[in-house]
Amino acid sequence: MDSVITDNRSDYPIEVVASTSGGDALISPAALNWTVTNPEICRIENGLVKALKNGKTIVTGQIDDVNDSILIVVEIPSDQSIIGDSMKINDWTLNASSFLNAQLNQANLPTGWNHGAAVNFVHAAGRSPFIKLTNQRPFFGLPDTIRFVMNIGDMAISRVLFYLRTNNDTKTISYEINSFEKNKDFNLDIPLNKIFNTTDRAIYPVWFDNANFYLDASNQVESKAYTLAIKNILLVYKDFVISGLNPVKTDKFSIFPNPVNNQILNLQLKEQKSQVLKTEVYNLSGQLLLSNHHGVYQGGAVTIPLKNLTPGLYLLKVHENERFSVAKFSIE
């Protein structure tokens with residue numbers, strides 16, 4: 001690869017291949033000396049790329065008198081889910097069964113939507129009715145899930161086929177969904193690890209190609225108007241890391257139980273010396289939810305109440321005098 005996309009959720013081990021008369025061989029990236037053109041974007045530790053800030057930079061590795069470079073593209077999401085496409089109708093192409101006379105516009109969007117795209121049509125008899133929406137485009141960063149936020153009213157859809165491809169291939173791969181909710185907003189999720197080898201950074205960016213909706217004609221009413229509405233395409237990133245709140249493995253304290261099941265989290269510091277202790281609980285969007293001043297720590301377990309927090313993932317920030325550490329925990 002001449003370039004690679006990474007983010008701050010996991011370090012990227014640079015792949016180094018040596019070509020010899022006996023064939024190619026992998027070399028540990030830690031064996032090379034690395035320099036970074038713009039150290040604000042990333043740094044290299046033992047051959048691992050640690051993403052710091054969105055942007056692009058060249059990193060160069062050298063061993064003996066041989067050197068080579070690679071472009072590092074850092075794309076850190078701003079939240080656990082971000083808008084990958086806001087469904088601007090000029091960016092999309094509609095192809096549908098001719099007897100539907102379907103139109104792509106913003107008419108009849110669901111109540112409360114201030115953006116999105118709608119396919120409006122009056123149902124008519126015909127063979128195998130379908131609606132196809134195409135927008136060939138790459139998605140930001142390393143998402144784990146592509147999520148369509150939709151509302152189909154009382155339309156009957158038998159299945160939808162989503163077509164995507166990797167950056168290193170021109171062939172698309174389909175993902176089928178055949179369960180839909182009616183008369184409400186709902187999500188259709190495409191887990192990328194179900195269709196691609198997401199451990200291979202060469203596949204990124206992942207490209208969207210088209211979505212093909214197949215109508216269940218036997219449950220449609222002839223001459224009735226229908227609307228298929230899509231609000232957003234969201235990109236979802238599991239293990240999202242908030243800038244400045246990176247959860248790390250720490251030997252400074254332990255927390256238990258994890259997961260929490262009784263609204264109580266216990267904190268045990270490894271150092272028993274007296275120190276001023278404060279704890280804060282954040283959600284994965286970086287919003288401060290709870291703050292507790294525990295006074296001077298005298299040893300033993302400290303109880304942290306978690307009243308009114310719903311099941312999910314959270315971050316615990318532990319302040320010990322002037323230093324702090326962050327750990328992730330979950331509530332069941």
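Criterion applied to Glu45, Glu15 was being modelled with pLDDT under 95 and either among the aromatic types (Phe, Trp, Tyr) or surrounded by fewer than 13 Cβ atoms within 10 Å (Cβ to Cβ) (or both), and the one residue passing it is Glu45. Within segment 28-42, the set of residues being surrounded by 17 or more Cβ atoms within 10 Å (Cβ to Cβ) and out of contact with any Lys or Arg (no Cβ under 7 Å at 6 or more places or on another chain) comprises Pro29, Leu32, Trp34. For Val221, the stated conditions hold: it is hydrophobic (A, V, I, L, M, F, W, C), closer than 19 Å to His123 by Cβ and not in a strand (DSSP E or B).
Criterion first (of a type in the set (S, T, N, Q) and either exposed (fewer than 14 other Cβ atoms within 10 Å of the Cβ) or out of contact with any helix residue (DSSP H, G or I) (no Cβ under 9 Å at 6 or more places or on another chain) (or both)) does Asn135 satisfy it? Step through it out loud before you land on a result.
Details: of a type in the set (S, T, N, Q): yes; either exposed (fewer than 14 other Cβ atoms within 10 Å of the Cβ) or out of contact with any helix residue (DSSP H, G or I) (no Cβ under 9 Å at 6 or more places or on another chain) (or both): no.
Judged against the criteria, Asn135 is not a match.
The strands (runs of 3 or more DSSP E) falling completely within segment 144-192 that include 1 or more residues that are among the basic types (Lys, Arg) and surrounded by fewer than 16 Cβ atoms within 10 Å (Cβ to Cβ) map to 157-165. Elements of the type strands (runs of 3 or more DSSP E) sitting completely within segment 265-332 and holding at least 2 residues that are polar (S, T, N, Q): these cover 275-282, 288-297, 323-331.
Looking only at segment 86-95, decide whether some residue is in a strand (DSSP E or B) and over 29 Å from Phe139 (Cα atoms).
no
When segment 295-327 is examined, which residues are found to be polar (S, T, N, Q) and modelled with pLDDT of 85 or more? Talk me through it step by step, then tell me what you get.
Kept after step one, since they are polar (S, T, N, Q), are these residues of segment 295-327: 298, 303, 308, 310, 321, 325.
Passing the criteria: Thr303, Asn308, Thr310.
Residues in segment 193-210 that are in a strand (DSSP E or B) and aromatic (Phe, Trp, Tyr) were compared, and the one that is surrounded by the fewest Cβ atoms within 10 Å (Cβ to Cβ) is Trp207.
The values are calculated or read from the model by the stated rules, or taken from the named source; none is laboratory data. Keep in mind it's a predicted model, so treat the numbers as computed, not measured. Cβ sites come from the backbone with ideal geometry, for glycine too, and all protein chains shown count toward neighbours.
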